[in-house]
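Q: Sharing a structure with you now.
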Amino acid sequence: MTQSDFFSLDGISKRFGIVQALDNVSIAFRPGEVLALVGENGAGKSTMMRILEGVFGPDSGTVRHGATPIVFGEPRDSHRAGIRVIHQEPEIVPNLTVAENIFVGELPRLAGVLLDWRKLEEQTDRVLATFGMQQDMRPRQLCGTLGPAQRQMIEIMRAIRAGGRLIAFDEPTSSLTDDEARRLFSVIRRLREEGTSIIYISHRLNEIIDLADRIVVLRDGRLVDDSPAAGASEQTIAKLMVGRNIDDLFTRETWRSGEQLLDVAGLTTDRVSDVSLRVRRGEVLGIAGLMGAGRSELAKAIVGYDRRIAGTIAMNGVPVLPNSPHAAIVAGIGFAPEDRKHEALLLFRSILDNAALCVPDKTSSFGFFNRRKALEIVSPLAAKMSIKAPNLDEQVSKLSGGNQQKVVLARWLARQPMLLILDEPTRGIDIGAKAEIYRLIDELAASGIGIILISSEMPELIGLADRVLVMAGGRITAELARPDVDEATILKHAMPQSAPAPGDHIQ
Amino acid sequence: MNSLELRASKAQTDARGASARVVERLGVHNISLLVALAILIIIFGSLRGDVFFSSRNLLNIGLGVTILGVLAMSQTVVIVAGGLDIAVGATVGLTTVSTAMAIQATGSPAAGIVAGLVLGGLAGLVNGIIITYGRVNAVIATLGTMAIFRGIAFIMSDGQSIAIFSDTFRFIGIGRILGLPLLVWILVLTAIAFHLFLARSIVGRNIYALGGNPVVARFSGININRYRVGIYIMSGVAAGLAGILLAARTGSGQPVSGSQGLELEAITAAVLGGCALQGGKGTIVGALLGVAIIGVLNNGMILTSVPTFYQLLAKGSLLILAVVIAEYHLNRT
């Protein structure tokens, strides 16, 4: 099979509203090659996967197989063509067996109607043997009993069994342990040897350097680099991803912090265990961890949204009542949740209404809303953060992600909080707005506000935080202080298995 | 648009024509309600114009919708908050009985009014607690209490109508001030109060936030449990007021007669008026237009001698039609 016979993307563009998700991207995939696709959140990786998978089509450009343009009406078409995307959350049916999940859609039949169990088991045994998975699962085992790594393997086996020739992995290791990840890598290497083309998406640059033959970098929907992996370093890739030196993106004017502000001791909820932490005035405390490590849940525990089972929270030495977001707000805590659309914004109301939501006393007269007062408070904040909208009566649902986030931040700045908890504040935001939010974080910290920054983006934590707490399984597994904060150390402590006993903090 | 222009949209609308301003102020939805109302008036006017347009009949319509008006407005608040109260009709029945009994026992109209409002508030408190702390779906909870409240009304009255002999109290139902029935004045005053409360007060705005997205509301420091209970208490007190008005108009307290089916009409009016059953959307002005449509429809069907049984068909269909239209609009935007 020559190179030109294989799949390629030719000038693909895709636009969502005001966001140009992909802009004239061309990539030729090659059989027997691992192509790493890197880029920040929102760079266009997921959009590209969805186009390859046929979830939606491009606005312009074509997906080709050899010289023939191919159009996918739905995922089934792309599957038939041999393209498979392995998602972070494997799509398996928990109530069916391993065998049925692997052979779904092509189950062997007896007399046309009955399931031929014996044949199915034989076939499954053969597939499991090929992947060296006989020890890990039995054909008749229900998939609901499997762990995330095994589920992922099932999806991979299903893809290969169904004749997948181009297999894309979308952040496959985010929920895997080190050992499971290593086994996945050996499977990927074997697939490569057998001539399968692999697309590998990951934020972990060390993995990529280890595994990939070629690295494609996307930034703001554009392809900015497509070069062999040999000779690439984490620094060079990161620089390509953000488009400038990472150090320039993160400005922290001051690294001084003042007196004790927040004191959390032994905080426990249904999803967070025995968390103790302190934040000083003017300090940025980063919180790192993998998906499901309990970071957002920690934030929800601190602001009194989740029911507190044990522990104390104090602001400036004064205890904060449990289970009351109102008490937390009164104590001076502001919280911008990760899920802006569902947890932070009233989407169908105006910028003004959303920004004034937490300052009823300052925007009312005799219990009635006073528009003039509200404008006096919100307008300067909107201008300061350069919220892009025709006016403050614009419905929030019509704004871009970055501007929506700014509205949430304006809401809290209107309250002049002492502590601000930001959960993934730059998720799904373009690089320009990101830089603005980073600058704002720096400004706020410099003005004496304590900040808890929850983030999955390592450069963000490393660039902005004074200290980083690493979480796994609802507990804090490590505390790293500048300048010992680096990606490898954070990841080491973020892996669920490496979680030490509670109280065993690493200073 | 590189920088934010800090002017309000008012400045923009000023540039447009007066008609555009009217549209903006009333809202597209309310204008379509006015059109629907006009169509109904034209239909019944052309069929029975002689009677329909008489001042006596128009006053009848006004009187007829007073009680429904109060309930439609309180129902609007409940629906905007993301709830539903289908026990209001039963609560009205219960409060007419308690008001009549209190007046019979003490001879004091004031005692009757207090009894009606307090019992209505208690009924609402029960609903609020079951829904908020018992975590029961609002429809199921108030379906249950609907039967309970009717039962209590039957037990209290022994199934009988209880006559009210206080002329002072009856004045509320039949008296006139400045040529207009007192009932109509009460509707006007409660309408102004409800409108200011829901559209302008901080509590009202928080109710929109609560119904629009309870998670956001809670993160913003709104005590959503207290709000929910408070809203059902409000609904109960409003039902108590409606019960007082009904008792004053009929001169009696009755467990069922006069209050049956009020919940259907109140919810229909609220939804016609633009309430989204998911919460977060709806206005008092819209609800009043919905009430007017129902009032004209009821009156017109009587004038054109539509049999009672068929009137029920029309009312039920209207509710479903209103919801279908509302859902259609919701999915389009």
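Q: Could you calculate the FRET efficiency of A:His87 with A:Leu114 from 1/(1 + (r/R0)^6), where r is the beta carbon distance between them and R0 is 41 Å, rounded to 0.05?
A: After rounding, the FRET efficiency stands at 0.80.
Q: Cα centroids of the stretch A:392-464 and the stretch A:68-147: how far apart, whole angstrom?
A: 43
Q: Which three extents, in whole angstrom, do the alpha-carbon atoms of chain A cover along their principal axes, largest first?
A: Taking the Cα atoms of chain A, the three principal extents are 78, 50, 50 Å.
Q: Would you work out the relative contact order for chain B, in percent, from Cα pairs under 8 angstrom that are 6 or more residues apart?
A: 32
Q: Which stretch or stretches of the stretch A:5-36 have amide N atoms under 20 Å from the point lying 7 Å from A:Ser386's Cα along the Cα→Cβ direction?
A: In the stretch A:5-36, the label zone of A:Ser386 (backbone N under 20 Å from the point 7 Å along Cα→Cβ) covers A:18-20.
Q: So, one more: Taking R0 as 60 Å, what FRET efficiency do you get between B:Ile43 and A:Phe16 from their Cβ-Cβ distance, rounded to the nearest 0.05?
A: Details: r = 47 Å, r/R0 = 0.79.
Calculated value: 0.80.
Q: Sticking with this one: What is the stretch A:284-432's relative contact order, in percent, from Cα pairs under 8 angstrom and six or more apart in sequence? Please report the intermediate quantities before stating the final value.
A: On the way: 194 pairs, mean separation 40.4, N = 149.
Computed value for the stretch A:284-432: 27 percent relative contact order.
Q: If I stretch the segment between B:Ala20 and B:Val188 completely, what's the gain in nm (0.36 nm per residue apart, minus their alpha carbon distance), one decimal?
A: Difference between extended and current length: 57.7 nm.
Q: In terms of modelled amide H atoms, which long-range or inter-chain residues lie less than 5 Å from the amide H of A:Val85?
A: HN-HN under 5 Å from A:Val85: A:Ala168.
Q: Once phi is turned into ³J(HN,Hα) by the Karplus curve 6.51 cos²θ - 1.76 cosθ + 1.60 with θ = phi - 60°, what whole-Hz value does each residue of the stretch A:462-467 show in order, with x for glycine and proline?
A: Result, ordered by residue: 5, x, 10, 8, 6, 9 Hz.
Q: With each label point set 7 Å from Cα along the Cα-Cβ vector, what nm distance links A:Phe56 and A:Asp210?
A: 3.5
Q: Oh, and also: For the stretch B:214-257, which semi-axes, largest first and in whole Å, follow from the square roots of 5 times the eigenvalues of its Cα gyration tensor?
A: Semi-axes from the Cα gyration tensor: 36, 8, 6 Å.
Q: Right, another one. Expressed as cubic angstrom per residue, what is the convex hull volume of the alpha carbon set of chain B?
A: 165
Q: Let me ask another. I want to check the label-to-label distance for A:Ser186 and A:Thr130. Put each point 7 Å from Cα in the C-beta direction and report it in nm to one decimal.
A: Calculated label separation equals 1.8 nm.
Q: Further question: Take A:Asp225, A:Asp361 and order them by how many other Cβ atoms sit within 10 Å, fewest up front.
A: The order, fewest Cβ neighbours first, is A:Asp361, A:Asp225.
Q: Compute the FRET efficiency between A:Ala162 and A:Ile309 as 1/(1 + (r/R0)^6), taking r as their Cβ-Cβ distance and R0 = 60 Å, and round to the nearest 0.05.
A: That gives a FRET efficiency of 0.80.
Q: Compute the distance from the alpha-carbon center of the stretch B:40-57 to that of the stretch B:125-155, in whole Å.
A: Their Cα centres are 40 Å away from one another.
Q: Quick one: A:Glu376, A:Glu180, fewest Cβ neighbours within 10 Å first, how do they rank?
A: With the fewest neighbours first, A:Glu376, A:Glu180 line up as A:Glu376, A:Glu180.
Q: Work out from phi, with θ = phi - 60° and the Karplus expression 6.51 cos²θ - 1.76 cosθ + 1.60, the ³J(HN,Hα) of each residue of the stretch A:269-277, listed in order in whole Hz, and give x for Gly and Pro.
A: Karplus-based 3J(HN,Hα) across the stretch A:269-277 equals 10, 4, 10, 10, 10, 6, 9, 10, 7 Hz.
Q: Starting from 0.36 nm per residue, how many nanometres of slack lie between A:Asp179 and A:Arg278 once their C-alpha separation is accounted for? Don't skip to the answer; put the middle values down first.
A: Working: separation 99, 0.36 × 99 = 35.64 nm, distance 3.35 nm.
Gain on extension, A:Asp179 to A:Arg278, equals 32.3 nm.
Q: Can you list residues from other chains, or at least 5 along the same chain, whose modelled amide H is less than 5 Å from the amide H of A:Arg222?
A: The list, which skips near neighbours in sequence, is A:Asp23.
Q: Can you tell me how much longer the chain between A:Arg371 and A:Glu194 gets when fully stretched, taken as 0.36 nm per residue apart minus their C-alpha distance, in nm with one decimal?
A: Value of the extension gain: 57.0 nm.
Q: Which whole number gives the average count of other chain Cβ atoms within 10 Å of the Cβ atoms across peptide A:319-327?
A: If you average over the peptide's residues, the count of other-chain Cβ atoms is 2.
Q: For the residues A:Asp170, A:Asp77, what sequence is obtained by ranking on other C-beta atoms within 10 Å, fewest first?
A: Arranged by neighbour count, lowest to highest, A:Asp170, A:Asp77 become A:Asp77, A:Asp170.
Q: Mind listing the Cα extents of the stretch B:33-74 along all three principal axes, in Å, largest one first?
A: Cα spread of the stretch B:33-74 along its principal axes, largest to smallest: 34, 24, 11 Å.
Q: What nm distance separates the two modelled labels at B:Arg176 and B:Phe53, each placed 7 Å from Cα along Cα→Cβ?
A: So the two model labels end up 2.2 nm from each other.
Q: Here's another thing I want to ask about it. Place +1 on the Cβ of every Lys and Arg and -1 on the Cβ of every Asp and Glu in chain B, take the dipole about the Cα centre, and give the residue among B:Gly261, B:Gly251, B:Ile294 whose Cα lies farthest towards its positive end.
A: Towards the positive end, the residue furthest out is B:Ile294.
Q: List every residue whose amide H lies under 5 Å from the amide H of A:Phe369, counting only residues 5 or more places away in sequence or on a different chain, with H placed 1.01 Å from N in the peptide plane.
A: Counting only residues 5 or more places away or on other chains, the set is B:Ser201, B:Ile202.
Q: Short version: ³J(HN,Hα) in whole Hz for each residue of the stretch B:28-38, in order, from phi by Karplus 6.51 cos²θ - 1.76 cosθ + 1.60 (θ = phi - 60°), x for Gly and Pro, what are they?
A: The phi angles translate into 4, 4, 5, 5, 5, 5, 4, 5, 4, 4, 4 Hz.
Each value in this text was obtained by applying a stated rule to the coordinates, not by laboratory testing. Model, not experiment: these values are computed from the prediction. So basically every Cβ, Gly included, is an ideal-geometry build from the backbone, and we count neighbours across all protein chains shown.
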